[in-house]
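The values are calculated or read from the model by the stated rules, or taken from the named source; none is laboratory data. Note that the coordinates shown come from a computational prediction; the quantities given were computed from them, not determined experimentally. Positions of Cβ are backbone-derived with ideal geometry, glycine not excepted, and every protein chain shown enters the neighbour counts. Please note that ligands, DNA and RNA were not included when accessible areas were found on the heavy atoms of the full protein model with its side chains. Shrake-Rupley method; radii C 1.70, N 1.55, O 1.52, S 1.80 Å.
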Amino acid sequence: MRGDIILRDDGGCHKDQGGAMDGRSSSSSVVVGGLNSKSSLPSVQMFPRTNNRVQVWFIRVCSTILLWTCFIQLVAVGELWHPSSNNLRDNSSSSKRASSSWPSCFLFNNFLGLSSRLSKFSHFSTLSEVSTPAPPPLLPSRNYKSNGYLRISCNGGLNQMRAAICDMVTIACYLNLTLVIPELDRTSFWADPSTFGDIFNVNHFINSLRDQVRIIKRLPKRFSRKSASYSLKMPPVSWSSEKYYLQQIVPLFSKYKVIHFNKTDARLANNGLPLELQKLRCKVNYKALRFTDRIEALGDKLVKILEKKGSFLALHLRYEMDMLAFSGCTHGCSEEEAEELKRMRYAYPWWREKEIVSERKRSEGLCPLTPEETTLVLQALGFEKDTQIYIASGEIYGSERRLAALRSAYPRTMKKEMLLDPEDLKQFQNHSSQMAALDYLVSIASKVFIPTYDGNMAKVVEGHRRYLGFGKTILLDRKKLVELLDLYQNKTLSWDAFAGAVREAHKNRMGQPTHRKVTPEKPKEEDYFYANPQECLCQSTKCDVLLDETAISL
């Protein structure tokens, strides 16, 4: 047909050489609006000629706007999701093609080129006056044939679940699956009833990843009713590569429509994955996982209260009852407290290690520092008495009695309960993950972050601070510190010798750019991806160039 709009590979268009793009055909003189300038009918005018011309002009303008709108959308979708991109079309042959092609969810840079191409057409917006700015457009959704549905039940505390969600989104994208909004752990020690939507912004999560993976809020009813025959529940193998999921999990979808991962902690390898996968893990963690507006607002309020009084140090003092019970670390506790912690450990059958020798674990650096030990370390590192300290932790075991030494040395030691009105925190009571979210926001905003134990929060916050510009994070060498603390407390070392040794041991442990330690045969012992996501950090920064090694005071 003459007058058709022809798409070009460069994103532009041209008109058919035989006609014009005004909605008319060479074989007819009928205008789009239905008016005929050469009709044989009597020339009876129902309206003045001027009105006819205005009406024709108005119809043409509206038609042009509509055509250009459709055209731009077609260009965006056509170029972004080109049919040559590789999808997993069938389960039997997918693993054979894995080594030579990647699924289309790895088109990370398409939007840069797309934005520049669409800017060429921006002048057409003058055809219609807009009184208020339009909201930011949604990313074009990725168009792919889903292989099935992936349900995930996260286990552990907030930050362990956060890392797991990043891994599962990456796997769902790689396998061309439809992901159901994650289910959070409600049955562990913390017994937090919070859902995903109570902690994270669901719509932002879905919309910010729509160019990578399809995410739905709940399974279709037809699958929930027939879950027994259509669903498989299983835990994936820990520290697995992408090949495991491609070769072992994808074939299962030929039998099951829904696969439910009931364990998600550390189920994807730290190293040896394609760069596109590692970058997607970062996108989920730092862009898609945004806390709810309510949590973000209160976290921002906390940060502003602290910053109004000057710079502050966030101290992740991991000296809580659950940590001590499950680690078996009782140094500094009374006999009654040690027995209480042991009873708690035995009360949870899923905690396999029961009999633990506390002092041996401490000498190996496997115990959190006590509040009293932490106080000595802070003083040795050179933090002055007027340093403002925010305790980013839950209830300290032993309460204020165990914090006495820290408060004496640092009177400006604060907790969220001291900075906020009780009414502000009322809605967070008995919701440990939401409380932890507040501590997370304060920790990434602090001038210095110091964890006294390398648990999940310590590692995930460390990585986030690296991503935001290598914020100073002092990573305590607990094994070395225990040795030095014992020597100082039994009078073998003077204070000056102790402080000098502490500083020397930590001069290269300030969160500087560095490479992850890789030990393929022992993945539990290598550096955690989320503590140092180097693939997402080093495009413009040489990771072997250390930042200032000596300045540690606020």
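Taking LEU341, is it open to solvent by less than 70 Å² (accessible area, probe 1.4 Å) and at pLDDT 95 or above?
On the way: open to solvent by less than 70 Å² (accessible area, probe 1.4 Å): yes; at pLDDT 95 or above: no.
No; evaluated as a whole, the condition is false for this residue.
Residues in the range 365-384 that are open to solvent by 20 Å² or more (accessible area, probe 1.4 Å), among the charged types (D, E, K, R) and part of a helix (DSSP H, G or I): how many? First the steps, then the outcome.
Pass one, the range 365-384, residues open to solvent by 20 Å² or more (accessible area, probe 1.4 Å): 366, 372, 376, 379, 384.
Restricting the remaining residues to those that are among the charged types (D, E, K, R) gives 372, 384.
Then keep just the ones that are part of a helix (DSSP H, G or I); that gives 372.
Residues that pass the stated criteria total 1.
Residues in the range 201-228 that are part of a helix (DSSP H, G or I) and either open to solvent by 60 Å² or more (accessible area, probe 1.4 Å) or in contact with a strand residue (DSSP E or B) (Cβ under 8 Å, 6 or more places away or on another chain) (or both): how many?
Within the range 201-228, residues that are part of a helix (DSSP H, G or I) and either open to solvent by 60 Å² or more (accessible area, probe 1.4 Å) or in contact with a strand residue (DSSP E or B) (Cβ under 8 Å, 6 or more places away or on another chain) (or both) number 10.
I need the full set of residues from the range 422-445 which are closer than 12 Å to LEU302 by Cβ, acidic (Asp, Glu) and modelled with pLDDT under 95, in order please.
ASP424
Check off (1) in a helix (DSSP H, G or I); (2) open to solvent by 10 Å² or more (accessible area, probe 1.4 Å) for GLN429 and give me the number that stays unchecked.
With respect to (1) in a helix (DSSP H, G or I); (2) open to solvent by 10 Å² or more (accessible area, probe 1.4 Å), GLN429 is out only on (1).
Going through GLY469, GLY463, GLY511 one at a time, which residue ends up being of a type outside the set (Lys, Arg), within 27 Å of THR170 (Cα to Cα), part of a loop (DSSP other than H, G, I, E, B) and in contact (Cβ under 8 Å) with a residue 40 or more places away in the chain? I'd like the intermediate steps shown before the answer.
Numbers: GLY469 fails: in contact (Cβ under 8 Å) with a residue 40 or more places away in the chain; GLY463 fails: part of a loop (DSSP other than H, G, I, E, B).
Among GLY469, GLY463, GLY511, only GLY511 is of a type outside the set (Lys, Arg), within 27 Å of THR170 (Cα to Cα), part of a loop (DSSP other than H, G, I, E, B) and in contact (Cβ under 8 Å) with a residue 40 or more places away in the chain.
For the range 472-500, how many residues meet the condition of being open to solvent by 30 Å² or more (accessible area, probe 1.4 Å) and not in a loop (DSSP other than H, G, I, E, B)? Let's see the steps before the verdict.
Looking only at the range 472-500, we keep the residues that are open to solvent by 30 Å² or more (accessible area, probe 1.4 Å), and these are 472, 475, 477, 479-480, 483, 486-497, 500.
Adding the requirement that they be not in a loop (DSSP other than H, G, I, E, B) leaves 472, 479-480, 483, 486-489, 495-497, 500.
Residues in the range 472-500 being open to solvent by 30 Å² or more (accessible area, probe 1.4 Å) and not in a loop (DSSP other than H, G, I, E, B): 12 in total.
Are there any pairs with C-beta distances below 7 angstrom linking a residue in the range 347-368 that is closer than 27 Å to LEU315 by Cβ to a residue that is open to solvent by 70 Å² or more (accessible area, probe 1.4 Å) and of a type in the set (D, E, K, R), with the two at least 6 apart or on different chains, and if so which?
That search, which allows pairs on different chains as well, returns GLU364/LYS479; GLY365/LYS479.
How many residues are closer than 15 Å to ASP486 by Cα and part of a loop (DSSP other than H, G, I, E, B) if we restrict to the range 330-364?
Residues in the range 330-364 being closer than 15 Å to ASP486 by Cα and part of a loop (DSSP other than H, G, I, E, B): 3 in total.
I'd like the residue in the range 141-192 that is of a type in the set (Phe, Trp, Tyr) and not in a helix (DSSP H, G or I) and, out of all such residues, is nearest to ALA269 (Cα to Cα). Even if it seems obvious, please write down each step before you answer.
As a first pass, look at the range 141-192 and keep what is of a type in the set (Phe, Trp, Tyr): 144, 149, 174, 189-190.
Those still in the list that are not in a helix (DSSP H, G or I) too: 144, 149, 189-190.
Values: TYR144: 26, TYR149: 22, PHE189: 26, TRP190: 27 Å.
Filtering first and then ranking leaves TYR149.
Does PRO513 satisfy the criteria of being touching a helix residue (DSSP H, G or I) at 6+ places or on another chain (Cβ under 6 Å) and open to solvent by less than 20 Å² (accessible area, probe 1.4 Å)? It would help to see each step written out before you state the result.
Numbers: touching a helix residue (DSSP H, G or I) at 6+ places or on another chain (Cβ under 6 Å): no; open to solvent by less than 20 Å² (accessible area, probe 1.4 Å): yes.
The answer is no for PRO513.
Here is a list: SER231, SER188, SER241. Which entry is farther than 25 Å from TYR528 by Cα, among the small types (Gly, Ala, Ser) and either open to solvent by 10 Å² or more (accessible area, probe 1.4 Å) or touching a Lys or Arg at 6+ places or on another chain (Cβ under 8 Å) (or both)?
On the way: SER188 fails: farther than 25 Å from TYR528 by Cα; SER241 fails: farther than 25 Å from TYR528 by Cα.
One residue alone meets the criteria, SER231.
Is there any pair linking a residue in the range 147-163 that is closer than 20 Å to ILE444 by Cβ to one that is small (Gly, Ala, Ser), with Cβ under 6 Å and at least six apart or on different chains, and which?
Note: pairs meeting the criteria are LEU158/SER433; LEU158/ALA436.
Here are the criteria: (1) hydroxyl-bearing (Ser, Thr, Tyr); (2) over 18 Å from TYR149 (Cβ atoms); (3) assigned to a loop (DSSP other than H, G, I, E, B). Tell me which single one THR264 does not satisfy.
(2)
Taking the range 267-301 on its own, how many of its residues are open to solvent by 10 Å² or more (accessible area, probe 1.4 Å), over 22 Å from ILE444 (Cβ atoms) and not acidic (Asp, Glu)?
Result for the range 267-301: 7.
Does LYS304 satisfy the condition of being more than 19 Å from the chain's Cα centre (by Cα) and open to solvent by 30 Å² or more (accessible area, probe 1.4 Å)? Lay out the reasoning, then the answer.
Values: more than 19 Å from the chain's Cα centre (by Cα): yes; open to solvent by 30 Å² or more (accessible area, probe 1.4 Å): yes.
So LYS304 fits the description; yes.
Taking the conditions exactly as written (of a type outside the set (Lys, Arg), under 25 Å from GLU276 (Cα atoms) and free of Cβ contacts under 8 Å to residues at least 12 places away in the same chain), does ASN143 satisfy them or not? I'd like the intermediate steps shown before the answer.
Details: of a type outside the set (Lys, Arg): yes; under 25 Å from GLU276 (Cα atoms): yes; free of Cβ contacts under 8 Å to residues at least 12 places away in the same chain: no.
Considered against the rule, which asks whether it is of a type outside the set (Lys, Arg), under 25 Å from GLU276 (Cα atoms) and free of Cβ contacts under 8 Å to residues at least 12 places away in the same chain, ASN143 comes out as no.
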